[in-house]
Every structure is written in C-alpha cells, then in structure tokens.
Amino acid sequence: MSQDGILKMVLRRQKHSRANARRVRRIQFVVLRSTCHLWKEMVDTFTDALSHRDVVLAVGQRHLESVRYLVSLPVQLRGNPFRGLQRFKHVLDGPWDSLKRDTFQALLAHPYIDPSADDNWAITTAIENSQFELVKMLLDHPKMDVSAKNNEVFRKACVDLSCGDLEVSDLTSILRMLLANPRVDPSAENNEAFREAVHHGEATVITTLLADSRVDPSEVHNNEAIRKACQRGHTSVVELLLSDARVDPSAEDNEAIRCAKTSQVVQMLLNDSRVDASARNNEALISACWGNRTYIVPLLLADPRVDPSANNNKAIRSACYARSAAVVELLLADPRVDPSAKDKSKFSGRRQHHVHSPHRPSSACWSGKIDTARLLLAHPLVDPSAQNNEAIRVSCKRGDIDIVRLLLAHPRVDPSAQNNEAIRKACQRGHTSVVELLLSDARVDPSAENNEALREAWKDEVVVLLLRDSRVDASVRNNRP
C-alpha cells in the first residue's frame, strides 16, 4: 500500500473514532480539511460522512461556503430540505439580504433537489411568508412545476393573499410574478382563484386578476361573482365588477339586488340601467323588509319600478312578522301600501297556506312588538277586530300582556269573541297577568263553555284568580275526573 493510502486509512479511522457524536464528527471533518492541502483532498472524498442534515444545518445557519461545498460533493438529499428549515424561523420568514439570497441560490444548485417536492411546499410557504426573492428563485428553477394539480399553487396563493395583511404593492408583486410564469393558468378550476378573491372581498387581488385576459368574471355560474359580492357586501369589489363590461348584474333574474345587504351596494345597482329592482314581484323590497334593513328600504321605495303593495302587500306583512317598527313606519308612509291586506289579519298573525315562506302573514300582536302594534292601530285601514277579533285571541293565547292591554283599549276590540276564547286560552296556557287583565273587563265571562277556563287551568295563581270571581262555579274543579 502506498504512503498516501496508509495516510488516508488513518484519517478515515480517526474521523470515525466517535461515530455517534455528530457534532464531534463535523468538527473533526473541518479540522482534518484545514490541516493541509493534502489532507483536505483526501478528506473531501469521505462524502459518506456528510448527510442531508448537514445541508439543512448549513443553510439554516447561513454558512454560504459550507452550503456550496456540500452541494458540490454533492451530498445526498433525504427528503425536502426546505421543510427541514422550519426550525430556522429566521430563514423562512425573516428579512431578506444578500447572504440569504446567495445561500438559497447555492442550495437550489444542488443537482438532486426538487423544489416542487411535497406538493410545492417550498413556494407555497414562501408566498405565505411574502418571501418575494425566494418565490422568484423557485419559479425560475427548471424543475419547478408550478402548474401541478391544476395550478394549485396559484389558487392557494390567491386565497392566502386575500386573507393576509400585506401591503398593496407587495401583494401585487407576488401576483404579477406568478401570472408572468407561462405555466400558470389563473382560470384553472373554473376560475377558482377569482371566485375565492371575490369571496374574501380582496379588491387588489381582483384588480390584478381582471387585468389578465384569461380571467372571465362572468363565466362562472352565470355571473356568480357579482351576485356573491353583493350578497357579502363587498362594496369595492362590486364597484370593480360593475366597471367590467363582461359582468351582467341582472343575471339570474336580478339576484344581485335581491340578495344585496348594504345600502352602498344597492345604490350602485340601482344606478345601473341593466338592474331591475322590481324583479320577482319586488323580492328585493320584501327581503329588505323581512331582514329589518331600514337603510335599504328607503332606497328601494324611491325607485319608481318598485311596488310596495306587490303580492298582496307582502312587504308590510314581512315587516310585521320581523317585528320591525321602523320598516313598518316607512311602509305606512307610502300611499300605495295597504296594511289591511289579507283580510286585515296583520294583528292576528293568522298563518296562511304558504307555510314554507319566510314572509308569511304575521302581526305585531302575534310577534309581541308593541311599537309595531301602535303604528298599525293608528292607521285608518287597519281593523283590530278582523277575523272575529283574532288579534286579541292570539295575543292572549301567547301571553303578550302589553299588546292585550293596547287592544282592550280600542273600542272595536271585543275580548269575549268566540265565546270568550281569549280568557279560556290564557288560563289554559297559564298566563296569569293576562287572565287578571281580562277578568277586570266586564265584557269577559270566565264561566263560558261550562267553566272551561277553570277546568283547564293548571297554574295555582290562575286558579285562585278564577275562584275569586263570583261567576265561576268552583264545583267543576272538584268534580274533575
């Protein structure tokens, strides 16, 4: 064996003397390389002494020359080195400088590195952390497949950027960088990137996407973008979309204005000649009344196409059911509105046959809103005794003491209607205060229907009140089976 061979064998044995101590092994390796030129050349052939972990450690500690050396060997990689850098937070999401840039360039020069590994984890994380330089390096790498899984990187980037708090300039820079890559298709998955940006209301992302001819805001589900933006109240997004000639705000029978939730959005839609605020029998107004949106109702009432009396005055019936006194007051001020519609049943809240409709007829009394009841009582077209005094009968059944008191003060209301049903139901339901109030009215007969009030009463306080009334026959209580 030659002298060099013997020396090489000795050096290898020395390096392996403490094989279980990685840190000691690395120190020995450096010492042996730095001793002399001859030893350096010999030790450099011991590539099996270095591992994937050494590469990650060198990058994490920003040892540029070490990275270059490990890549030049090259050291075999085991897995994705970018994921291994997660414990070095300053590397992945810290500030960028020339040393950091050169270190990553050296790492990306490794012949076996796959920057798209683990579903493009490296570039996805770089985008999340706003690492523009790293994003550019990864995009420029020949092995980078940014279009994998139907452009998942771009679609996820639009979601992340829409939800983040980046400066407008930074956000735009990343998007333009991605869009400039010929492999990126922003319209992938039926314009998912654009749809997500609209969902989150990020105007900057939407502006950037609309500037790309491949993105069509009207293509998805017949102008879904403008409809969703209106529904979610994204004012700036709606404004952007309305300025695009491809967008039709009247799509799906004017769904945009029918589902709009803010006054700014409604006003913008009303200013567009393509939008019909009266679509679907004035559903926009009815929905606004049902939702107690006092800031939208006046805007719609001011539009000559809108008819608040449509569908047998469903707007005011919806407002009553929603217990919205402010909306009811707005509607009653309009001469076209007839609060006595549906057989004047606003007060009774009588449920009609359309049980599945959220706007079924209702009343202030049925819902227990005293302010709405006063407004309706003050209107000349409203008859609180309609449907055989159903208003007070239902109110007593529900125990709405304030409204019962209000109705009893009205000269047209008869609390004894339907053979004194009001007090019979109040006793049956245990509404003590209502029973006491009714007993104070001379028109009420608590002995009606063979003293049914006492027979059905279960609450002690109600029984006591009834027994104090001379008209009630206490024996029916004792003779119960």
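Closer than 15 Å to I123 by Cα and touching a residue at least 12 places away in the same chain (Cβ under 8 Å), is that true of C158? Yes; evaluated as a whole, the condition is true for this residue. Here S169 passes the criteria (1) at pLDDT 90 or above; (2) within 30 Å of L240 (Cβ to Cβ); (3) of a type in the set (S, T, Y) except the one numbered (1).
A single member of A197, A229 is farther than 16 Å from V275 by Cα and under 17 Å from the mean Cα position of the chain (by Cα), and it is A197. Count of the range 421-450 residues, restricted to those that are out of contact with any Ser or Thr (no Cβ under 9 Å at 6 or more places or on another chain) and not hydroxyl-bearing (S, T, Y), is 17.
For D253, the conditions (1) buried (at least 21 other Cβ atoms within 10 Å of the Cβ); (2) in contact with a Lys or Arg (Cβ under 8 Å, 6 or more places away or on another chain); (3) free of Cβ contacts under 8 Å to residues at least 40 places away in the same chain; (4) in a helix (DSSP H, G or I) all hold with the exception of (1).
Among the residues of the range 152-175, is there at least one that is among the aliphatic types (A, V, I, L, M) and touching a Phe, Trp or Tyr at 6+ places or on another chain (Cβ under 7 Å)?
Of the range 152-175, the ones among the aliphatic types (A, V, I, L, M) are 153, 157, 159, 161, 166, 168, 171, 174-175.
From what's left, touching a Phe, Trp or Tyr at 6+ places or on another chain (Cβ under 7 Å): 174.
Yes: the range 152-175 contains one or more residues that are among the aliphatic types (A, V, I, L, M) and touching a Phe, Trp or Tyr at 6+ places or on another chain (Cβ under 7 Å).
Let's see how each residue does on (1) farther than 26 Å from V198 by Cβ; (2) touching a Phe, Trp or Tyr at 6+ places or on another chain (Cβ under 8 Å):
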| residue | (1), (2) |
| --- | --- |
| A245 | no, no |
| I257 | no, no |
| N271 | no, no |
| S287 | no, no |
| Y295 | no, no |
| L300 | no, no |
| N312 | yes, no |
| A322 | yes, yes |
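State yes or no: is L331 in a helix (DSSP H, G or I), within 24 Å of the chain's Cα centre (by Cα) and on the phi < 0 side of the Ramachandran plot? So L331 does not fit the description; no. Quick one: which helices (runs of 4 or more DSSP H) lie wholly within the range 399-481 and hold at least 3 residues that are buried (at least 18 other Cβ atoms within 10 Å of the Cβ) and either among the β-branched types (V, I, T) or in contact with a helix residue (DSSP H, G or I) (Cβ under 7 Å, 6 or more places away or on another chain) (or both)? Output list reads 401-408, 417-429, 432-439, 448-456, 460-467. Under the condition of being surrounded by fewer than 19 Cβ atoms within 10 Å (Cβ to Cβ), part of a loop (DSSP other than H, G, I, E, B) and modelled with pLDDT under 90, the residues counted in the range 122-146 number 1. Each residue in the range 147-166 was checked for being buried (at least 17 other Cβ atoms within 10 Å of the Cβ) and at pLDDT 90 or above, and 10 of them qualify.
Just one of the numbered conditions (1) buried (at least 21 other Cβ atoms within 10 Å of the Cβ); (2) farther than 30 Å from D212 by Cβ is not true of A326: (1).
The values are calculated or read from the model by the stated rules, or taken from the named source; none is laboratory data. Predicted model, so just to flag it, every value in this text is computed and none were measured. Because the Cβ atoms are built from the backbone with ideal geometry, glycine has one as well, and the counts that use them run over all protein chains shown.
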